[in-house]
Amino acid sequence: MNQYGTTFPLWRASAGVHWDAFVEHAFVSQLADGSLPRAAFLHYLRQDYVFLIHFSRAWALAVTKADTVSEMRIAANTVQALICDEMELHLRLCAEEGLDEETLFATEEDPANIAYTRYVLDAGHSGDFLDLLVALAPCVLGYGEIGRRLDPAATHGAYSDWIKTYGGADYQETCEAVGALIDGAVARRLGDNPQDGPRWTALCNRFRIATRLEAGFWDMGLAAG
């Protein structure tokens, strides 16, 4: 199984039970078996659409924080994937419920959404490229892990489009590229033994906090059902 590089599994392990609480959340389980209330899914979609706007801005910030053209290129391609693939998925699914893009854009942010998006943006503005990447990683790679694990056929079609998007080849390629980007960025800035360096603990702490905020996002969605 592809682990999205060598650094991500270490960060994931450092998050411990918080990672499991994110990727094995009740929202995800109910999404997988099709039992998730539609109201919960729609509330999540609306909030996630707004989230993706901020997330795209954060990846655009990564372009300005990058040290190499290669780093810039991967960050820019990720912005493209967010705007043209993920946000389009939200638009399509919400359009089926009579919600247009103007309505989605006007969605009032839930406090859990504000907490997470502003945390990521603050990591980028106050820190360097690595601080931003580690805050971004749980969302990008966590959704890849979830999408790869779930079976779209098991939902009887209820949420199969969502699962197919994150488990599909295009999104998995994005995850592999981001995993490679993280590995290269860590090696370039922290050397061959990053775990022995003074920044490692702080980076793991930042990953753990972002993971907890991801689980909080699922909590928000489930509460709306």
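No value in this document is a laboratory result; all are computed from the given coordinates. Not measured: the values here are computed from a predicted model. All Cβ positions, even for glycine, are placed from backbone atoms using ideal geometry, and neighbour counts span all protein chains on display.
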Filter segment 51-62 for residues that are among the aliphatic types (A, V, I, L, M) and under 13 Å from the mean Cα position of the chain (by Cα); the one that is surrounded by the fewest Cβ atoms within 10 Å (Cβ to Cβ) is Ile53
Return the residues of segment 205-225 that are surrounded by fewer than 18 Cβ atoms within 10 Å (Cβ to Cβ), touching a residue at least 12 places away in the same chain (Cβ under 8 Å) and farther than 18 Å from His25 by Cα; say none if nothing qualifies. none
Please go through segment 111-164 and give me each residue that is among the charged types (D, E, K, R), in contact with a Gly (Cβ under 9 Å, 6 or more places away or on another chain) and part of a helix (DSSP H, G or I), ordered by number. Asp131, Arg148, Arg149, Lys164
Scan segment 89-117 residue by residue and report those that are surrounded by 13 or more Cβ atoms within 10 Å (Cβ to Cβ) and among the charged types (D, E, K, R). Glu101, Glu109, Asp110
Just the residues that are touching a helix residue (DSSP H, G or I) at 6+ places or on another chain (Cβ under 6 Å) and either polar (S, T, N, Q) or free of Cβ contacts under 8 Å to residues at least 60 places away in the same chain (or both), please, taken from segment 173-197. Thr174, Gly197
Conditions first: (1) surrounded by fewer than 15 Cβ atoms within 10 Å (Cβ to Cβ); (2) touching a residue at least 24 places away in the same chain (Cβ under 8 Å); (3) closer than 23 Å to Gly168 by Cβ. Ser70 passes all but one, so which condition is the exception? (3)
Based on what the data block shows, is Ala180 part of a helix (DSSP H, G or I) and more than 14 Å from Tyr4 (Cα to Cα)? no
Can you spot a residue in segment 4-11 that is under 25 Å from Asn205 (Cα atoms), in contact (Cβ under 8 Å) with a residue 12 or more places away in the chain and aliphatic (A, V, I, L, M)? yes
Segment 35-58 residues that are in contact (Cβ under 8 Å) with a residue 60 or more places away in the chain and outside any helix (DSSP H, G or I), paired with ones that are small (Gly, Ala, Ser) and crowded, with 22+ Cβ neighbours inside 10 Å (beta carbon under 9 Å, 6 or more apart): Leu36/Gly221
Pairs, first in a loop (DSSP other than H, G, I, E, B) in segment 74-99, second crowded, with 19+ Cβ neighbours inside 10 Å, C-beta under 9 Å, six or more apart: Glu97/Leu45; Leu99/Leu45; Leu99/Arg46
Can you find even one residue in segment 189-212 that is over 20 Å from the mean Cα position of the chain (by Cα) and among the basic types (Lys, Arg)? yes
